[in-house]
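Scroll down for the structure; my scribbles are underneath it.
The numbers here are math on the coordinates, done by the rules we state, and not lab data. No experiment lies behind these values; they were computed from the predicted model shown. As a convention, Cβ positions derive from the backbone with ideal geometry for all residues, glycine included, and neighbour counts pool all protein chains shown.
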Amino acid sequence: MPEDESISGLILRAQSGFFDVETDAGMVRCQMRGRLTQRRLESDVVAAGDRVQVSLLEPGVGVIESVEPRARVLSRRAPSGKREQILLANPDQVAFVFAAAEPEPNLRLLDRLLVAAEREALPAVIIVNKIDLTGRKAAAGVFGIYEELGYPVFYVSAKSGKGIPELRKQLRGRVSALAGKSGVGKSSLLNAIQPGAGLPTQELSQATGKGRHATVFPELIPLSEGGHVADTPGLKAFALWDIEPEEVDAYFRELRPLVQDCAFSDCSHLHEPDCAVVRAVEEGRVDPGRYESYVRIRLGEDEDAPAR
Ligand code: GDP
Ligand code: ZN
């Protein structure tokens, strides 16, 4: 191969200066061309999900020559002042994973995650796992309001395999980030979606005594039908560090069209008279739980705060 020939690839994993790049010529282990790392700190120059140009040095070994501009990123924003840390480049969608039971779903957390996704203009889908424990109908009774809001909801069981084919279809050809609290079944789901992904589940890691997810940096797992799933990027990527109180209503799909009917143009929808949002809650057109989430986020309270 001539020296100046480069091939394009996708970074699946970034770890201590080495990058595993998926290319048409197979997996290539790369380092960065020196001049690229000088410009910014290495962790931000490239991340899993970046599309890069690679020149091969020998089969399976190469150098990253350039990085394509990113469409979007999932980042971990430090509390104001500190720089953001890129966790995943170019996600096409994020899938928030909850369990129908064990653990009980925390919808206030889901609302927070959805607000973060709306802010990043990142398409969000909801995965409700463990429906073998409750039945699909009961799970839909809890999560159905999100379907009404237009979020795709997948009712699945990693254990029984129910709903997995439909979920696979949603993941096909896309880069998806799976995010959810530990214990909801993300590893089990990945193993069900992609048999042989080989992710250790809780039982397995307890049995071997090896911890899981020692690093926060996700890894892209190639799906045999095309597309990639990012192993847990961590919920910190969706923290609402620096959200402006006045912009919160814009990220609740059902509130967005109402606010123009409030008496005050800067209505906080907390205590003002003649508020279209409060009216909609009272008339049952807006779910009280969703409004509760709005109030908490607006007031800067976290999702574990006691119910009002
Ligand atoms: P993670 O922490 O989100 O990666 O969760 P794991 O995949 O390790 O699963 C946590 C626990 O839930 C384990 O005990 C799994 O066996 C169990 N689990 C995962 N998926 C299902 C499911 O669909 N149904 C039931 N009943 N249990 C499940
Ligand atoms: Zn209002």
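Summary of computed values
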read-out: Cβ-isolated cysteines (cut-off 4.7 Å), the chain; value: 30, 275
read-out: Peptides 287-295, 100-108 ordered by average Cβ neighbours within 10 Å, highest first; value: 287-295, 100-108
read-out: Residue among 34, 49, 144 with the largest mean-square fluctuation in a Gaussian network model of the chain, springs linking Cα atoms under 10 Å; value: 34
read-out: Extension reserve of the residue 147-residue 270 stretch, reckoned as 0.36 nm per residue once the Cα distance is removed; value: 41.7 nm
read-out: 16 Å cut-off, amide nitrogen to a point 7 angstrom out along residue 162 Cα→Cβ, residues in the stretch 83-101; value: 98-101
read-out: DSSP beta bridges in the chain [antiparallel fraction, %, rounded to 5]; value: 60 percent
read-out: Convex hull per residue volume in Å³, alpha carbons only, for the stretch 93-190; value: 91 Å³
read-out: Among 65-71, 222-228, the order from most to least packed when residues are scored by Cβ within 10 Å on average; value: 222-228, 65-71
read-out: Over 23 Å (Cα to Cα) - which of 130/181; 162/236; 159/181; 137/159 fall in this group; value: 162/236
read-out: Expected 222 nm ellipticity per residue - DSSP helices of 4 or more, -39500 (n - 2.57), all of the chain, to 500; value: -7000 deg cm²/dmol
read-out: Extended-chain gain in nm, criterion 0.36 nm per residue less alpha-carbon gap, residue 299 and residue 236; value: 20.7 nm
read-out: Most mobile listed residue (158, 25, 250) in the chain, GNM with C-alpha springs under 10 Å; value: 25
read-out: Total charge dipole magnitude, the chain, about the Cα centre, Cβ charges on Lys, Arg, Asp, Glu only, Debye to nearest 20; value: 780 debye
read-out: Convex hull per residue volume in Å³, alpha carbons only, for the stretch 85-149; value: 103 Å³
read-out: Spin-label model distance (nm) - residue 15 vs residue 31, 7 Å beyond Cα toward Cβ; value: 1.8 nm
read-out: Ranking of 32, 27 by count of other Cβ atoms within 10 Å, fewest first; value: 27, 32
read-out: Once the Cα gyration tensor of the chain is diagonalised, semi-axes √(5λ) in Å; value: 38, 25, 16
read-out: Mean Cβ neighbour count within 10 Å, used as a protection proxy, ranking 251-259, 112-120 highest first; value: 112-120, 251-259
read-out: 10 °C / 1.306 mPa s Stokes-Einstein diffusion coefficient of the stretch 234-308, Kirkwood radius on C-alpha pairs, µm²/s; value: 122 µm²/s
read-out: Top positive-direction residue, dipole computed over the chain with Cβ charges, set 180, 161, 258; value: 161
read-out: Gain in span if fully extended, residue 225 to residue 70, counting 0.36 nm per residue against the direct Cα distance; value: 53.4 nm
